[in-house]
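Notes follow the structure.
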Amino acid sequence: MNMNPMPQQPGQPGGATPDQLAFFNSIFRENCPFKFVFGGVTGFALGGVFGVVMSSFEFSGPQLTPQLQELSTREQMRIMLKDMGNRSYSSAKNFAVVAAIFSSSECFIEGYRAKNDIYNGAAAGCFTGGVLAAKGGVKASAFGCAGFAAFSTAIDYWMRHSE
């Protein structure tokens, strides 16, 4: 008895039919809640890696006090690794928030405009920057909007023209 829900088609990898591939493609490319979750998860992962790398370069870790110097090397390493973990977790959370806001807002803007062009990324960048800087007031939101919009436009332009 064949337990595979997708029947094997000759010449197709994994036996998926074109209709099934189109269905899965639509889930991954057009589903804004999925993009929100996927953006947050990948942002968290990349932010964690970035945090580990950056915390290894920072010199503002636990201060080298006489009490710390008296501890064994193993205890010093434990304290340093704990500090590194805290910093990478903080970075991971920040990246997750930025990625989730940007990817979901870009998806909603693209769905509203019914176009896939460079302006979606610019508008999503402006929205993301404005939201993230909102606690700082109107001026900070405007600068956040402009900065994120410029950065996402530059990245989007480079991605579209690098081929």
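Here are a few things to note about the model shown:
- Among residues of segment 114-139 that are touching a residue at least 40 places away in the same chain (Cβ under 8 Å), those with a beta-carbon under 9 Å from a residue that is assigned to a helix (DSSP H, G or I) and among the acidic types (Asp, Glu) at least six positions away or on a different chain give the pairs ILE118/ASP156.
- Any hit, segment 121-130, residues being surrounded by fewer than 19 Cβ atoms within 10 Å (Cβ to Cβ) and either more than 18 Å from ILE155 (Cβ to Cβ) or modelled with pLDDT of 90 or more (or both): no
- Qualifying position, being open to solvent by less than 60 Å² (accessible area, probe 1.4 Å), closer than 30 Å to GLY129 by Cα and of a type in the set (Lys, Arg), among LYS93, LYS35: LYS35
- Residue match in segment 68-80 (condition: in a loop (DSSP other than H, G, I, E, B), of a type in the set (A, V, I, L, M) and open to solvent by 50 Å² or more (accessible area, probe 1.4 Å)): yes
- Residue match in segment 105-116 (condition: touching a Ser or Thr at 6+ places or on another chain (Cβ under 9 Å) and buried (at least 19 other Cβ atoms within 10 Å of the Cβ)): yes
- Checked against the criteria, GLY147 does not count as touching a Cys at 6+ places or on another chain (Cβ under 6 Å) and at pLDDT 95 or above.
The values are calculated or read from the model by the stated rules, or taken from the named source; none is laboratory data. It should be emphasised that the depicted structure is a prediction, and the values quoted were computed from it without experimental measurement. Note: ideal-geometry Cβ built from the backbone for every residue, glycine included; neighbour counts use all protein chains shown. Protein only, heavy atoms only, side chains kept; ligands, DNA and RNA dropped before computing areas. Shrake-Rupley method; radii C 1.70, N 1.55, O 1.52, S 1.80 Å.
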